[in-house]
Amino acid sequence: MSDSSGTTMKVAYEDVQAHYDISNDFFGLFQDPTRTYSCAFYERDDMSLEEAQIAKIDLALSKLDLRPGMTLLDVGCGWASVMKRAVDTYDVNVVGLTLSRNQKALGQQILDEIETDRSRRVLLKGWEEFDEPVDRIVSIEAFEAFPKSRYKAFFDMCYRIMPDDGRMVLQTIMGHPLKRWPEMGIPIVMSDLKFMRFISKEIFPGGSVPCDEDVVEFSENAGFTVEKLETMTPHYVRTLDTWAQALEANKDKAIEVTSQEVYDRYMRYLVGCSDFFQRNVSYVGQFTLTK
């Protein structure tokens with residue numbers, strides 16, 4: 001796919017692999033058994049992390065009006081937990097895109113174990129390289145890894161490959177634009193700016209955290225209608241705290257499969273992000289977009 005200047009867009013394999021291809025075992029030490037790596041949805045207070053992750057996946061899938069035999073595209077499919085649930089619950093075909101070799105291998109293995117005639121594919125591809133017709137699209141916390149210069153091309157692609165009744169759920173982490181901070185009473189302190197720099201340099205290089213206005217503007221310009229935005233910010237505080245506790249409890253194993261440096265980096269990331277969501281510096285939500 002070309003960008004507006006006519007040059008072919010390079011896909012950020014290195015940026016994504018720097019994060020996700022450190023070790024499947026490492027992520028498994030703090031994730032729930034579904035290996036879902038995004039904000040959970042604690043529908044009930046007494047839910048385990050695994051139950052809350054499945055509740056989040058069910059919440060997203062319930063907004064798509066899926067019917068048996070449809071094809072669902074998952075952009076940034078992770079370890080395939082959303083795709084597996086979609087096949088099991090809605091009897092659909094699934095195709096997932098990831099830039100992580102580790103995710104592709106394990107995700108495909110998980111999908112291959114499902115008893116179904118539906119097709120299930122995990123492709124080592126960016127959305128920039130994808131151009132097949134699909135019926136529905138889901139994307140859970142991949143959008144914040146895209147540079148803002150690609151938002152237009154992304155929504156244009158999503159609109160183009162879906163039929164007239166197409167529906168899409170986009171879950172993304174967001175940051176309030178700085179102009180909004182004073183009216184929200186969020187003080188801007190140096191440690192916050194340092195943490196943002198740490199995230200963009202050491203955790204998610206190449207990304208750009210959007211605000212809700214960005215998603216609305218770029219999706220509507222592509223032709224979508226924003227049917228709903230459901231915010232889930234307090235749920236992320238609990239998700240991140242649960243991950244941090246699990247990683248800390250598995251500290252020795254984590255250092256063994258990676259290094260002290262990786263362990264320290266991820267603890268700083270999980271604890272710092274929890275603080276950002278707690279203070280409403282960051283927020284998260286699911287957008288339902290319709291054609």
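Read-outs: derived from the displayed coordinates by stated rules, not from any lab. What you see is a predicted model; the values in this text were computed from it and never measured. Here Cβ is always computed from backbone atoms with ideal geometry, including for glycine, and neighbour counts include all displayed protein chains.
Full extension of the chain between T231 and K148 gives 27.8 nm of extra length, using 0.36 nm per residue less the Cα-Cα distance. Helices in the chain that qualify as membrane-span-like (whole DSSP H runs, Cα extent of at least 15 Å along the helix axis, mean Kyte-Doolittle hydropathy of 0.0 or higher) are 49-62, 151-161. Shown for R265, R279: other C-beta atoms within 10 Å of each C-beta, ranked fewest to most, produce the order R279, R265.
With 23 Å as the limit, the listed pairs K148/K201; K84/K291; K56/K84; K125/K228 have K84/K291; K125/K228 beyond it between alpha carbons.
Given the chain, what percent of its DSSP beta bridges are antiparallel, to the nearest 5?
Numbers: 16 of 34 bridges.
Around 45 percent antiparallel, to the nearest 5.
Based on DSSP H segments of at least four residues, each scored -39500 (n - 2.57), the chain has a per-residue ellipticity at 222 nm of -13000 deg cm²/dmol. Of interest is the spacing of the C-alpha centroids, which for the stretch 226-249 and the stretch 174-206 amounts to 18 Å.
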